[in-house]
1. Can you show me the helix-derived [θ] at 222 nm for the chain, built from DSSP H runs with n ≥ 4 at -39,500 (n - 2.57) apiece and divided by the number of residues, rounded to the nearest 500.
2. Return the distance in nm (one decimal) between the two label points of a simple spin-label model at T44 and T271, each offset 7 Å from Cα along Cα→Cβ.
3. Select from A177, S130, A321 the residue farthest towards the positive end of the dipole of the chain; place +1 on Cβ of Lys and Arg, -1 on Cβ of Asp and Glu, and compute about the Cα centre.
4. Cα convex hull of the chain: mean projected area in nm², to one decimal?
5. How many angstrom separate the Cα center of the range 153-167 from the Cα center of the range 239-291?
6. Sorted by average packing, counted as other Cβ atoms within 10 angstrom per residue and highest first, what order do 208-214, 167-173 take?
7. Between L282, Q103, A42, whose Cα lies farthest towards the positive end of the dipole of the chain when Lys and Arg beta carbons carry +1 and Asp and Glu beta carbons carry -1, centred on the Cα centre?
8. Taking θ = phi - 60°, what integer Hz values does the Karplus form 6.51 cos²θ - 1.76 cosθ + 1.60 yield along the range 159-168, in sequence order, with x for Gly and Pro?
Amino acid sequence: MLRTFAYVRAGSLDDALKQLDAASSRAHAGGTDLLGCLRDGAMTADTVVSIGHLADLKGIAPTPDGGLRLGALTTIAEIAGHAVIKDKYSALSQAAAVVASPQLRNQGTIGGNLCQRPRCWYFRGDYECSRKGGDICYAADGENQYHAIFGGSLCHIVHPSDTAPALVALGASVRVAGPKGARVVPLETFFVLPDVDVQKETVLGQGEIVTDVLLPPADPGLKSSYRKVRARGSWDFALAGVALAIAMKGDRVDKARVVLSGVAPIPWRSTGVERAILGQKLDARTLSRAADAAVAGAEPLAQNGYKVPLVRGVVEEALGAYMP
Ligand SMILES: Cc1cc2nc3c(=O)[nH]c(=O)nc-3n(C[C@H](O)[C@H](O)[C@H](O)COP(=O)(O)OP(=O)(O)OC[C@H]3O[C@@H](n4cnc5c(N)ncnc54)[C@H](O)[C@@H]3O)c2cc1C
């Protein structure tokens, strides 16, 4: 049941930050995730603060350093269809295109996509799990077919976002505003593992919101992609996926960032795969080694062992697209 809350439309960013400076306030952008969480009791709010019409948080524009700034309220559909993003930041465009359904892509924002809460059925259900302040991760010995094979520990959620792994692969940052001012956080350090804080998914403090996503200048030699495997062809979260950003020098890999989705509580940077391909020709042997490296250290639960060969396969297949 949806509990009663006050609804406030912030008139400016400053106004929003003042309204959000209370532990029981929640930011509302597109509302596609927040309202479900409130209805399911996974989150509570005395005040919901709408930031959805703040002009400062809208728009896609070049930055002085040659990168791109996406306002936090940019919709997923705008990102998927944007010509410069398609051309220069393909992984992000491809990831945005496979988020949920057209309706959700039109309503959901990039800020909300990065800050959405986990989809674990225990977290969303009537369970006082560790992420909600309880003592137990019910997925550890329960229904865990969609859960993490890396980084689980106190809680075994997987991070639900498709855009986050693509943005981490592309070296993006977020600008954050809050009661103590503004700061820029590299997305690679934005997400939080359960053994750091089991009740949070990001480093955002009380009252802080994401105002912008900042993409670095596109490296002309860098190619990027996002491949997602899901149970159904239509809207569904990733069972496993991989974002790649790769630059070649001649026939060898010169730069590589590899980030897995659907397998860990945060977008999971696979430095093992990066090491396996850096300086190498992308031939069948390298791909096979990279696939082995992708699953090294995996700790599957009772029902999600299928993710191990799935990750192997998706990494091998995605890298194969970069073969000469
Ligand atoms: C059926 C369904 C299928 C989905 N499938 C996918 C999928 O395949 N892949 C995928 O990536 N996502 C998927 N999603 C998630 C969807 O993309 C997100 O719900 C959406 O992007 C959230 O954006 P929003 O603007 O609606 O956020 P809201 O619902 O408004 O907010 C979500 C959360 O983020 C916080 N928040 C919002 N904006 C900010 C901000 N600027 N700064 C700080 N905190 C903020 C809110 O307080 C809230 O906790 C799915 C959702 C549904 C309902």
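1. Working: 12 runs with 90 residues, N = 324.
Value at 222 nm, helices only, nearest 500: -7000 deg cm²/dmol.
2. Placing both labels 7 Å along Cα→Cβ, they lie 4.1 nm apart.
3. After comparing all options, I get A321.
4. On the way: hull surface 63.6 nm².
Approximately 15.9 nm², given one-decimal rounding.
5. The range 153-167 and the range 239-291 have Cα centres separated by 18 Å.
6. Numbers: 208-214: 23.1, 167-173: 24.9.
Peptide ranking by packing, descending: 167-173, 208-214.
7. Sorting the options by dipole projection puts first L282.
8. Working through the residues one at a time gives 6, x, 7, 8, 6, 4, x, 5, 5, 5 Hz.
No lab work stands behind these numbers, since they all come straight from the coordinates. This one's a predicted model, so the numbers in the text were calculated from it and none came from an experiment. Cβ atoms come from the backbone with ideal geometry, glycine included; neighbour counts cover every protein chain shown.
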